[in-house]
1. Looking only at segment 155-189, filter to residues that are hydroxyl-bearing (Ser, Thr, Tyr) and in contact (Cβ under 8 Å) with a residue 24 or more places away in the chain; which one of those is nearest to Asp45 (Cα to Cα)?
2. I need the full set of residues from segment 136-148 which are part of a strand (DSSP E or B) and either in contact with a Lys or Arg (Cβ under 8 Å, 6 or more places away or on another chain) or under 16 Å from Trp79 (Cα atoms) (or both), in order please.
3. May I ask you to list the residues in segment 39-52 that are of a type in the set (S, T, N, Q) and either over 13 Å from Gln177 (Cα atoms) or surrounded by 15 or more Cβ atoms within 10 Å (Cβ to Cβ) (or both)?
4. Being outside any loop (DSSP other than H, G, I, E, B), closer than 24 Å to Ile186 by Cα, modelled with pLDDT of 95 or more and not hydrophobic (A, V, I, L, M, F, W, C), is that true of even one residue in segment 112-127?
5. Going by what's in this entry, would Gly123 be described as buried (at least 18 other Cβ atoms within 10 Å of the Cβ), in contact (Cβ under 8 Å) with a residue 24 or more places away in the chain, of a type in the set (Gly, Ala, Ser) and over 15 Å from Arg26 (Cβ atoms)?
6. Can Ala80 be described as over 20 Å from Ala134 (Cβ atoms), touching a Ser or Thr at 6+ places or on another chain (Cβ under 9 Å), modelled with pLDDT of 90 or more and assigned to a strand (DSSP E or B)?
7. Please count how many residues of segment 142-189 are among the basic types (Lys, Arg) and either touching a His at 6+ places or on another chain (Cβ under 7 Å) or closer than 18 Å to Phe108 by Cβ (or both).
8. Using the structure shown, decide if Trp130 is within 11 Å of the chain's Cα centre (by Cα), part of a strand (DSSP E or B) and closer than 22 Å to Gly174 by Cα.
Amino acid sequence: MRTAVAIVLASLVLAPQARAQHHVRREGFWIGFGMGYGTASASCDNCVSGPRTGGITAFVKLGGTPSRNLLIGGAVAGWAHASGGTNETMTHITGSLYYYPVSWSGLFVTTGLGFATYHITAGAVSGTGWGAVAGLGYDIPVSRHASLTPVANVLLGGVGSLTQPGVTGVYATGWKQTLLDVGLGITFH
């Protein structure tokens, strides 16, 4: 986590020098991807919520540019944690908006709605429900069409019922998950 925070802080310190060297063109199609670190927590009607659990995160996002201040697109963000031979994952698929309050700046805020999933390999327990994301980031130009993009996001999921194949009934009800994510990506405009 400290390494991820150090990368984001170093990126923000270098942003003014990079902006002086390059000006990013935000127009047309764009795509971005990256990795980071996130901590997740979950709660449900019939379970006790435990401590936040750390894991690796990754994201892919793409879309179009209706104006210099607004990007519209879709995003897939995932989190994974492995422990004792069991893998736990959370995935969020959202339609998202990326708003740049100042068109010449790289600072943006994002929000989106869509779906969230939860899966754990022990017993193949899984579920799908609503998902939402809110966050912020900063495009640091490295060329006219590419930027390094540190991001910080909060991803929420209301998965509802978790089921287990071959088992009658539900494994858990009222499943809710929260993921706090810090990452570094690259965006091509």
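1. First, the residues of segment 155-189 that are hydroxyl-bearing (Ser, Thr, Tyr): 161, 163, 168, 171, 173, 178, 187.
Imposing the further condition that a residue be in contact (Cβ under 8 Å) with a residue 24 or more places away in the chain reduces the set to 161, 163, 171, 173, 178, 187.
On the way: Ser161: 10, Thr163: 14, Tyr171: 11, Thr173: 6, Thr178: 15, Thr187: 40 Å.
Result: Thr173.
2. Within segment 136-148, the subset part of a strand (DSSP E or B) is 136-138, 140-141, 146-148.
Correct list: Ile140, Pro141.
3. First pass over segment 39-52, keeping only residues of a type in the set (S, T, N, Q): 39, 41, 43, 46, 49.
Matches in segment 39-52: Thr39, Asn46.
4. Within segment 112-127, one or more residues are outside any loop (DSSP other than H, G, I, E, B), closer than 24 Å to Ile186 by Cα, modelled with pLDDT of 95 or more and not hydrophobic (A, V, I, L, M, F, W, C).
5. Details: buried (at least 18 other Cβ atoms within 10 Å of the Cβ): no; in contact (Cβ under 8 Å) with a residue 24 or more places away in the chain: yes; of a type in the set (Gly, Ala, Ser): yes; over 15 Å from Arg26 (Cβ atoms): yes.
For Gly123, the condition - buried (at least 18 other Cβ atoms within 10 Å of the Cβ), in contact (Cβ under 8 Å) with a residue 24 or more places away in the chain, of a type in the set (Gly, Ala, Ser) and over 15 Å from Arg26 (Cβ atoms) - is not met.
6. Values: over 20 Å from Ala134 (Cβ atoms): yes; touching a Ser or Thr at 6+ places or on another chain (Cβ under 9 Å): yes; modelled with pLDDT of 90 or more: yes; assigned to a strand (DSSP E or B): yes.
Considered against the rule, which asks whether it is over 20 Å from Ala134 (Cβ atoms), touching a Ser or Thr at 6+ places or on another chain (Cβ under 9 Å), modelled with pLDDT of 90 or more and assigned to a strand (DSSP E or B), Ala80 comes out as yes.
7. First pass over segment 142-189, keeping only residues among the basic types (Lys, Arg): 144, 176.
Imposing the further condition that a residue be either touching a His at 6+ places or on another chain (Cβ under 7 Å) or closer than 18 Å to Phe108 by Cβ (or both) reduces the set to 144.
Total satisfying the criteria: 1.
8. Numbers: within 11 Å of the chain's Cα centre (by Cα): no; part of a strand (DSSP E or B): yes; closer than 22 Å to Gly174 by Cα: yes.
For Trp130, the condition - within 11 Å of the chain's Cα centre (by Cα), part of a strand (DSSP E or B) and closer than 22 Å to Gly174 by Cα - is not met.
The values are calculated or read from the model by the stated rules, or taken from the named source; none is laboratory data. This structure is a prediction, so every number in the text was calculated from the model and none was measured. No Cβ is skipped: glycine too gets one built from the backbone with ideal geometry, and neighbour counts run over all protein chains shown.
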